[in-house]
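The structure appears right after this line, and notes come after that.
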Amino acid sequence: MCANLSNNEDKINSVKECGINQIIFISESIKSSYGPFSHDKMILNDSGEITITNDGATIFKSIIFSNPLVNIFSQLSLQQDKEIGDGTTGVVIFCSELLKNAMKLIKKKIHPSLIIFSYRLALCYSLSQIKNFLSKTYVRINLSEIIQIAKTSISGKVCNLNITKFSLICYQVSRSICIFDKNLEKLKCQKNLLNFLKIQGNSIHQTRLVDGISIFNQTSVLDYQKKIVSPARIFCISKDLQFPKINLNYKFIYKKIEKIRDISNMNNNFFLNIIEKLLIYNSNFVITNKNVDNNLGNFLKKFGIISLKRVSDEDFKKICIVTGCKLKVNLNIIDDISKYCVGKSEEIFEQSINTKIILTIRGCRFCRGNTIVIRGPSNYMLDELSRGLWDSISIIKKSFEGDKFVIGGGSLEIFLSVLIEKFACLLKSKEQIATLEFSNSLLEIPKILFRNSCLNEIDLINKIRTIYNSCLLTKNFDLKDIGVDLKTGLIQNNFYKGIIEPRMSKVKSYQIATEVVISLLRIDDVISNKS
């Protein structure tokens, strides 16, 4: 083992500077992908596959970094995507700006420990102001507020081509997968029940919402005479449905031919007992993620039971959850089949879209479990549209789970910057400098929003800061909702215009970004462990 250690101060700074410079370079390249008027990035991998997106998490998943510091930074966007589902580009920009300003202070001989302390102090002060002063509470969340949150989320994505329709789709899907948790006394959204079906062809405006769980099917399982099964009683089993095969090593020696017939009838009687049990509970549809023997499938049809085989494990679990079906993994114990093993839905039907056979289970017992059928001219468009809808649904989920909101459009960052500057006047000189750099880092978010919207960022930020300073001096707190219309550049009340975001999204992004910066600033050297 070879260990390279260095205590030289210049070497320590060079190690940080090398990694941080790469981080800043990456951040600069994705700044044009932030905001409602952002641009997409085309990512080409080694195998020639193309990804077109402006989603920060997708961009970082597609890039391989050699620098260990950059690898730590790349986890930032993925963590934001995992916890919140949206805001992945903004959190990367804020984090890189914190690092950039921290390096300026380090070059001025300010110790990293002091910068870390000041950043933590500024973060705690910001979160307290968001909680106590800058949050809005809805006593009852209305449709209009949720639609505005969805529009704010999907603006800048490909969904923006028909923003009203896609916002309504996201709202309807989120409502369908919501349940009320009696223990926590609040709504919870089960995103694992959400299903996307991507079908190439036609325009993205043909994207629609299907009421129920829809899955791709290899071949049609419903007869041309019976295209709908209603009401559907579904039996799910994770086992190969086929007649037992006799081992080649066994030998049966009988003198009478009737005994040979008994061997054949024994297999039929086994499944006849199961079918009899299913018919008692009116089961008319059998679903398995394994194989179904063709002879047995025809055997089931004689009794009016339709079988669906080789369903993917992911879809199989969703069907079990939404229909309330207790999954069976063994058929050896016939008496164990009860009414709880049979799920319920209003109907099952098939439809054909662009040569694809789609099976839909509608009106499920416990949850509607809606499916979004995404249409588009190319696979790249389908993938990007699904990512945009997923981000919007994630934000709506956080809105349902919490009733606190903050002003969007960069207004929150400008107000926090004003508050932190006033707070920094109470600190010592060096701590004051580092705290002010945190404030300047927050201003990078509205600067990029205004710049990508072809607006004068310096002029607009100064106007908004003047209004916020007047708000604090005159205590006219109605002015704290003032922001900028990114389409026209006019000053307006962002709260009344519906430019709002869930408070949890902003709080998490500030926390994650600051913690990543602190973890990077604490590194003073790189130890190589190579044989």
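The values are calculated or read from the model by the stated rules, or taken from the named source; none is laboratory data. Worth saying up front: this structure is predicted, and the values here are computed from it rather than measured. Using ideal geometry, Cβ is built from the backbone for each residue, glycine included, and neighbour counts are taken over all protein chains shown.
Using the structure shown, decide if LEU443 is of a type in the set (A, V, I, L, M) and free of Cβ contacts under 8 Å to residues at least 40 places away in the same chain. Answer is yes for this residue.
Report, by residue number, each residue of segment 76-114 that is among the β-branched types (Val, Ile, Thr) and more than 33 Å from the chain's Cα centre (by Cα). Result: ILE106, ILE110.
Those residues that are of a type in the set (Lys, Arg), farther than 28 Å from VAL286 by Cα and either modelled with pLDDT of 85 or more or out of contact with any strand residue (DSSP E or B) (no Cβ under 7 Å at 6 or more places or on another chain) (or both), I need them from segment 164-195; list them, please. Walk me through it before giving the result.
Narrowing segment 164-195 to residues of a type in the set (Lys, Arg): 165, 175, 182, 186, 188, 191.
Restricting the remaining residues to those that are farther than 28 Å from VAL286 by Cα gives 165, 175, 182, 186, 188.
Result: LYS165, ARG175, LYS182, LYS186.
Within segment 128-163, work out how many residues are surrounded by 17 or more Cβ atoms within 10 Å (Cβ to Cβ) and at pLDDT 90 or above. Qualifying residue count, segment 128-163: 2.
Can you tell me which residue among LYS165, LYS188, LYS198 is more than 26 Å from LYS428 (Cβ to Cβ), assigned to a helix (DSSP H, G or I) and not small (Gly, Ala, Ser)? Steps first, answer last, please.
Numbers: LYS188 fails: assigned to a helix (DSSP H, G or I); LYS198 fails: assigned to a helix (DSSP H, G or I).
Among LYS165, LYS188, LYS198, only LYS165 is more than 26 Å from LYS428 (Cβ to Cβ), assigned to a helix (DSSP H, G or I) and not small (Gly, Ala, Ser).
Which of the residues spanning segment 232-245 are in contact with a helix residue (DSSP H, G or I) (Cβ under 8 Å, 6 or more places away or on another chain) and modelled with pLDDT under 80? Write out each step before concluding.
Step one: list which residues in segment 232-245 are in contact with a helix residue (DSSP H, G or I) (Cβ under 8 Å, 6 or more places away or on another chain), which gives 234-236, 238, 241-244.
Once the filter is applied, which keeps residues that are in contact with a helix residue (DSSP H, G or I) (Cβ under 8 Å, 6 or more places away or on another chain) and modelled with pLDDT under 80, segment 232-245 yields LEU241, GLN242, PHE243, PRO244.
So PHE73 ticks every box in (1) surrounded by fewer than 19 Cβ atoms within 10 Å (Cβ to Cβ); (2) assigned to a helix (DSSP H, G or I) but one. Which box is left unticked? Failed condition: (1). Screening SER66, SER113 for residues that are small (Gly, Ala, Ser), over 19 Å from PHE423 (Cβ atoms) and modelled with pLDDT of 90 or more leaves exactly one candidate, SER113. Is at least one residue of segment 94-101 more than 30 Å from ILE52 (Cα to Cα), surrounded by fewer than 24 Cβ atoms within 10 Å (Cβ to Cβ) and either in contact with a His (Cβ under 7 Å, 6 or more places away or on another chain) or assigned by TED's automatic domain parsing to the domain that holds SER27 (or both)? Within segment 94-101, one or more residues are more than 30 Å from ILE52 (Cα to Cα), surrounded by fewer than 24 Cβ atoms within 10 Å (Cβ to Cβ) and either in contact with a His (Cβ under 7 Å, 6 or more places away or on another chain) or assigned by TED's automatic domain parsing to the domain that holds SER27 (or both). Output yes when any residue across segment 433-441 is in a helix (DSSP H, G or I), under 27 Å from the mean Cα position of the chain (by Cα) and of a type outside the set (Lys, Arg), and no when none is. The answer is yes; a qualifying residue exists.
Please state which one of SER153, SER144 is hydroxyl-bearing (Ser, Thr, Tyr), under 24 Å from the mean Cα position of the chain (by Cα) and over 25 Å from PHE415 (Cα atoms). So that I can check it myself, show each step before the final result.
Values: SER153 fails: over 25 Å from PHE415 (Cα atoms).
Going through SER153, SER144 in turn, the sole match is SER144.
Only one of the listed residues (ILE512, ILE527) is part of a helix (DSSP H, G or I) and in contact with a Leu (Cβ under 7 Å, 6 or more places away or on another chain). That residue is ILE512.
Of the set (1) assigned to a helix (DSSP H, G or I); (2) over 29 Å from GLY48 (Cβ atoms), all apply to THR89 but (2). The selection criterion, being surrounded by 18 or more Cβ atoms within 10 Å (Cβ to Cβ), over 16 Å from LYS422 (Cα atoms) and in contact with a Cys (Cβ under 9 Å, 6 or more places away or on another chain), does not hold for ILE500. Among the residues of segment 380-417, the ones that are of a type in the set (S, T, N, Q), modelled with pLDDT of 85 or more and touching a strand residue (DSSP E or B) at 6+ places or on another chain (Cβ under 7 Å) come to 2 in all. For segment 278-293, a residue qualifies if it is surrounded by fewer than 16 Cβ atoms within 10 Å (Cβ to Cβ) and part of a helix (DSSP H, G or I), and the qualifying residues are LEU279, ILE280. Can we say VAL484 is surrounded by 21 or more Cβ atoms within 10 Å (Cβ to Cβ), closer than 19 Å to ASN67 by Cα and of a type outside the set (S, T, N, Q)? Against the criterion (surrounded by 21 or more Cβ atoms within 10 Å (Cβ to Cβ), closer than 19 Å to ASN67 by Cα and of a type outside the set (S, T, N, Q)), VAL484 does not qualify.
Just wondering, is there one or more residues in segment 30-47 that are basic (Lys, Arg), part of a helix (DSSP H, G or I) and assigned by TED's automatic domain parsing to the domain that holds LYS422? So far as segment 30-47 goes, yes, one or more of its residues are basic (Lys, Arg), part of a helix (DSSP H, G or I) and assigned by TED's automatic domain parsing to the domain that holds LYS422. Every condition in (1) loosely packed, with under 14 Cβ neighbours inside 10 Å; (2) of a type in the set (D, E, K, R); (3) at pLDDT 80 or above holds for LYS198 except the one numbered (1).
Quick one: THR51 ticks every box in (1) farther than 28 Å from GLN148 by Cβ; (2) touching a Ser or Thr at 6+ places or on another chain (Cβ under 7 Å); (3) at pLDDT below 80 except a single one, so which number is it? So the condition that THR51 fails would be (3). VAL91 is checked against (1) crowded, with 24+ Cβ neighbours inside 10 Å; (2) modelled with pLDDT under 85 and fails just one. What number does that condition carry? Checking VAL91 against (1) crowded, with 24+ Cβ neighbours inside 10 Å; (2) modelled with pLDDT under 85, the one that fails is (2).
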